[in-house]
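The values are calculated or read from the model by the stated rules, or taken from the named source; none is laboratory data. Just so it is clear, the model here is predicted, and its values are computed rather than measured. Neighbour counts run over all protein chains shown; Cβ positions are idealised from the backbone, glycine included. The area values use the complete protein model at the heavy-atom level, side chains included, leaving out ligands, DNA and RNA. Shrake-Rupley method; radii C 1.70, N 1.55, O 1.52, S 1.80 Å.
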Amino acid sequence: MPSKVLVVDDDPNIREVIAFALQKAGYTVEFSVDGSSGLQHARQNAFDLIVLDIGLPEMDGLEVCREFRKSSDVPILFLTARDEEIDRVLGLEIGGDDYVTKPFSPRELVARIKAILKRTKGQQVKIKERQPLRHGKVELDTARHFCAFDGRSVALTASEFALLEHMLERPQVVLSRQSLIDAIYGPNIHVSDRTVDSHIRNIRRKLAEAGCAESIATVHGVGLRMGSCQ
């Protein structure tokens with residue numbers, strides 16, 4: 001079955017470009033033209049990924065993401081025409097998995113979508129008999145896409161889950177930001193350090209809210225590794 005993508009954008013020209021690129025790549029594409037209808041469409045149908053414009057009229061993409069994340073962890077890739085870094089960072093902090101800035105290359109958009117779907121589908125097809133990853137009181141069960149600290153559930157986006165999984169597989173190793181980018185996105189996609197930092201900040205915040213004060217440690221000038229997780 002081809003992956004099913006929902007595109008929420010009010011610009012018909014953008015929708016046409018995205019439709020051509022994604023259908024050529026073998027995806028099934030559906031559209032919504034504003035935030036409220038996009039949110040309803042996403043809630044009522046099963047999608048593998050959502051491409052969401054930030055600058056939507058009335059209900060913008062950030063608000064759509066906030067509401068959608070209350071009930072779903074389907075990956076979200078933001079489109080933004082804004083130049084300010086704060087919009088992109090905020091999008092990641094409230095639950096986005098990645099972003100592409102307008103004007104964008106259709107090839108780059110397809111590559112980003114492929115990278116996100118590859119890691120989310122990869123998580124779904126992992127050997128179900130595999131034991132959950134544990135470090136301190138943190139548990140990550142890839143078969144169930146479940147994360148917990150000391151028994152308390154921690155909701156992670158697909159990118160956050162993949163990042164934490166990669167670190168838990170080697171908890172004592174100090175990993176550079178570039179190695180984390182390559183592991184999660186692949187070596188041929190440019191992703192800024194700020195994107196990884198946003199995901200790390202989200203993981204730390206979510207685990208801290210569950211009671212884990214030392215989840216991910218920064219080794220200055222080198223990279224990141226798992227903390228004590230006690």
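It is to be established whether one or more residues within segment 51-66 are out of contact with any Cys (no Cβ under 8 Å at 6 or more places or on another chain), touching a residue at least 24 places away in the same chain (Cβ under 8 Å), part of a strand (DSSP E or B) and open to solvent by less than 10 Å² (accessible area, probe 1.4 Å). Checking segment 51-66: at least one residue is out of contact with any Cys (no Cβ under 8 Å at 6 or more places or on another chain), touching a residue at least 24 places away in the same chain (Cβ under 8 Å), part of a strand (DSSP E or B) and open to solvent by less than 10 Å² (accessible area, probe 1.4 Å). Restricting Ala42, Ala46 to those that are surrounded by fewer than 20 Cβ atoms within 10 Å (Cβ to Cβ) and not polar (S, T, N, Q) reduces the list to Ala46. When the residues of segment 145-182 are filtered to those that are among the small types (Gly, Ala, Ser) and crowded, with 18+ Cβ neighbours inside 10 Å, the one that is modelled with the highest pLDDT is Ala162. Counting only residues that are surrounded by 14 or more Cβ atoms within 10 Å (Cβ to Cβ) and out of contact with any Pro (no Cβ under 7 Å at 6 or more places or on another chain), which one in segment 135-144 is modelled with the lowest pLDDT? Going through the qualifying residues, I end up with Ala143.
Out of all the residues in segment 13-26, is one or more without any contact (Cβ under 8 Å) to a residue 40 or more places away in the chain, open to solvent by less than 10 Å² (accessible area, probe 1.4 Å) and within 20 Å of the chain's Cα centre (by Cα)? No, segment 13-26 contains no residue that is without any contact (Cβ under 8 Å) to a residue 40 or more places away in the chain, open to solvent by less than 10 Å² (accessible area, probe 1.4 Å) and within 20 Å of the chain's Cα centre (by Cα). Scanning segment 42-75 for residues being of a type in the set (Val, Ile, Thr) and over 13 Å from Asp9 (Cβ atoms) gives a total of 1. Screening the candidates Arg88, Arg69 for the property of being out of contact with any helix residue (DSSP H, G or I) (no Cβ under 9 Å at 6 or more places or on another chain) and touching a residue at least 12 places away in the same chain (Cβ under 8 Å) yields one hit, Arg69.
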